[in-house]
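A.B. asks: Structure in structure tokens, see below.
The values are calculated or read from the model by the stated rules, or taken from the named source; none is laboratory data. Note that the coordinates shown come from a computational prediction; the quantities given were computed from them, not determined experimentally. Cβ atoms come from the backbone with ideal geometry, glycine included; neighbour counts cover every protein chain shown. SASA here: full protein model, heavy atoms, side chains in, ligands and nucleic acids out. Shrake-Rupley method; radii C 1.70, N 1.55, O 1.52, S 1.80 Å.
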Amino acid sequence: MAVTSRDVARLAGVSQPTVSRALRDDPRVSDETKKRVREAAELLGYVPSEAGRALSSGRTRRIGLLVTDLGNQFYSHIIAPLHRELEARGYQLVLHTETTDESVAERLIANGLDGVILATTTVDSVVPLRLRDRGLPFVYFNRTAAYVDADATVVAPSAGFQAAVDRALEVGHERIGAVLGPENTSTGQSRELALRSALGARGITLDPAYVRRGPFDTQTGDAATAELLGLADAPSLIFCGNDVVAYGALNAARRAGVEVPDDVSIIGFDDLPPASWPIIQLSTIAYDYVRMAREAGRLMVERIERRPEAYAHVEFETTFVERRTLSAPHTR
């Protein structure tokens, strides 16, 4: 027969609830009692079940990660470090993909999660509000909503954009375009503001004729860049909302017979692994998204287990990484 916590309790001379608390390292249990319980558990070969842990602690030790587009390479690169961080803290990562706000919060709550990391929220999303009202802890990753405060790990894009703009002007670019992210996301808003501010610091205004917007995907980069390259006086440099958009921009340029960087320079954002591949060599704005994912996991566990009074907002600084897709402009 399987060894139970009652068997451990009898051998250790304590109650069954004390066994559960001792094995969870509950501070209310003395060190001497914890030692006695652990020795009894080891002697009997007792391993607590996940179901038993959930019943005794009120926790499932499962954390949800909410994303909307697994086709976006960015999310595939943050899942592994987030999983490792949570696993090291005794939690399991559960991936949830949703395309609408309708009933998302209720489904997350029904799945018995201890907390949720929101990776694709829009500024006007109702999900954070509903999670807050239902008492399910959550952490923002990369994006935030406008009306509900919470712990967050986000990117500070200003330094990277300023360095990229300074370098672009140094090599002679004057006609500067941009394929920006959606206006209803904090990432789309903050990156646009950072780009405009960096240009403004050098006395330059972004020409509306050279601006396009759309989702952070390759289709946006492809279609928008095709439009920009078709202008009579096309931009010599295109800033992209992220690397995935930039991949689409590179594809559009190749299809149009436009050489990168001789005819048009392209700059991305994120510095995902493919950006450094020899076949791509994308100039981009970089930050430590792996550390940012791990920090989101840490904040999530901290919020669940200790519930600090103040929310933590952790910003990750950016740098400019120059590669092959930026050079001095040439006459087309």
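A.B. asks: Can you tell me which residue is nearest to Leu250 (Cα to Cα) among those in segment 294-332 that are among the aliphatic types (A, V, I, L, M) and crowded, with 17+ Cβ neighbours inside 10 Å?
C.D. replies: Leu326
A.B. asks: Given Gly177, Gly200, Gly172, which one is loosely packed, with under 14 Cβ neighbours inside 10 Å, at pLDDT 95 or above and outside any helix (DSSP H, G or I)? Spell out how you get there, then give the answer.
C.D. replies: Values: Gly177 fails: loosely packed, with under 14 Cβ neighbours inside 10 Å; Gly200 fails: outside any helix (DSSP H, G or I).
Selected residue: Gly172, the only one of Gly177, Gly200, Gly172 that is loosely packed, with under 14 Cβ neighbours inside 10 Å, at pLDDT 95 or above and outside any helix (DSSP H, G or I).
A.B. asks: Any residue in segment 263-285 that's small (Gly, Ala, Ser): show its pairings with residues that are open to solvent by less than 10 Å² (accessible area, probe 1.4 Å) and not in a loop (DSSP other than H, G, I, E, B) at Cβ separation under 6 Å, as long as the two are six or more apart or on different chains.
C.D. replies: Pairs that qualify, where the first residue is small (Gly, Ala, Ser) and the partner is open to solvent by less than 10 Å² (accessible area, probe 1.4 Å) and not in a loop (DSSP other than H, G, I, E, B), are Ser265/Leu237; Gly268/Cys240; Gly268/Asp243; Gly268/Ala246; Gly268/Thr284; Ala275/Asp243; Ala275/Thr284; Ser283/Ile267.
Here is a yes/no grid of residues against (1) touching a strand residue (DSSP E or B) at 6+ places or on another chain (Cβ under 8 Å); (2) on the phi > 0 side of the Ramachandran plot; (3) assigned to a helix (DSSP H, G or I); (4) open to solvent by less than 40 Å² (accessible area, probe 1.4 Å):
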| site | (1), (2), (3), (4) |
| --- | --- |
| Ala209 | no, no, yes, no |
| Arg212 | yes, no, no, no |
| Thr220 | yes, no, yes, yes |
| Ala226 | no, no, yes, no |
| Val245 | yes, no, yes, yes |
| Ala249 | yes, no, yes, yes |
| Val258 | no, no, no, yes |
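A.B. asks: Looking only at segment 152-169, count every residue that is buried (at least 24 other Cβ atoms within 10 Å of the Cβ) and either touching a Gly at 6+ places or on another chain (Cβ under 8 Å) or not small (Gly, Ala, Ser) (or both) and tell me the total.
C.D. replies: 5
A.B. asks: Suppose the filter is of a type in the set (S, T, N, Q), surrounded by fewer than 24 Cβ atoms within 10 Å (Cβ to Cβ) and closer than 17 Å to Ala164 by Cβ; does Ser283 pass it?
C.D. replies: no
A.B. asks: A further question on this structure: Kindly indicate whether Gly188 is of a type outside the set (Asp, Glu), open to solvent by less than 10 Å² (accessible area, probe 1.4 Å) and assigned to a helix (DSSP H, G or I).
C.D. replies: Working: of a type outside the set (Asp, Glu): yes; open to solvent by less than 10 Å² (accessible area, probe 1.4 Å): yes; assigned to a helix (DSSP H, G or I): yes.
For Gly188, the condition - of a type outside the set (Asp, Glu), open to solvent by less than 10 Å² (accessible area, probe 1.4 Å) and assigned to a helix (DSSP H, G or I) - is met.
A.B. asks: Quick one: Leu86 ticks every box in (1) of a type outside the set (Phe, Trp, Tyr); (2) open to solvent by 10 Å² or more (accessible area, probe 1.4 Å); (3) modelled with pLDDT of 90 or more; (4) closer than 28 Å to Asp271 by Cα bar one, so which box is it?
C.D. replies: Condition (2) is where Leu86 drops out.
A.B. asks: Further question on the same structure: For segment 262-271, how many residues meet the condition of being part of a loop (DSSP other than H, G, I, E, B) and touching a strand residue (DSSP E or B) at 6+ places or on another chain (Cβ under 8 Å)? Write out each step before concluding.
C.D. replies: Step one: filter segment 262-271 for residues part of a loop (DSSP other than H, G, I, E, B), giving 262-264, 271.
Among the residues that remain, those that are also touching a strand residue (DSSP E or B) at 6+ places or on another chain (Cβ under 8 Å) are: 264, 271.
Matching residues across segment 262-271 total 2.
A.B. asks: Between Leu231, Leu299, which is at pLDDT 95 or above, hydrophobic (A, V, I, L, M, F, W, C) and part of a loop (DSSP other than H, G, I, E, B)?
C.D. replies: Values: Leu299 fails: part of a loop (DSSP other than H, G, I, E, B).
None of the other options fit; the residue is Leu231.
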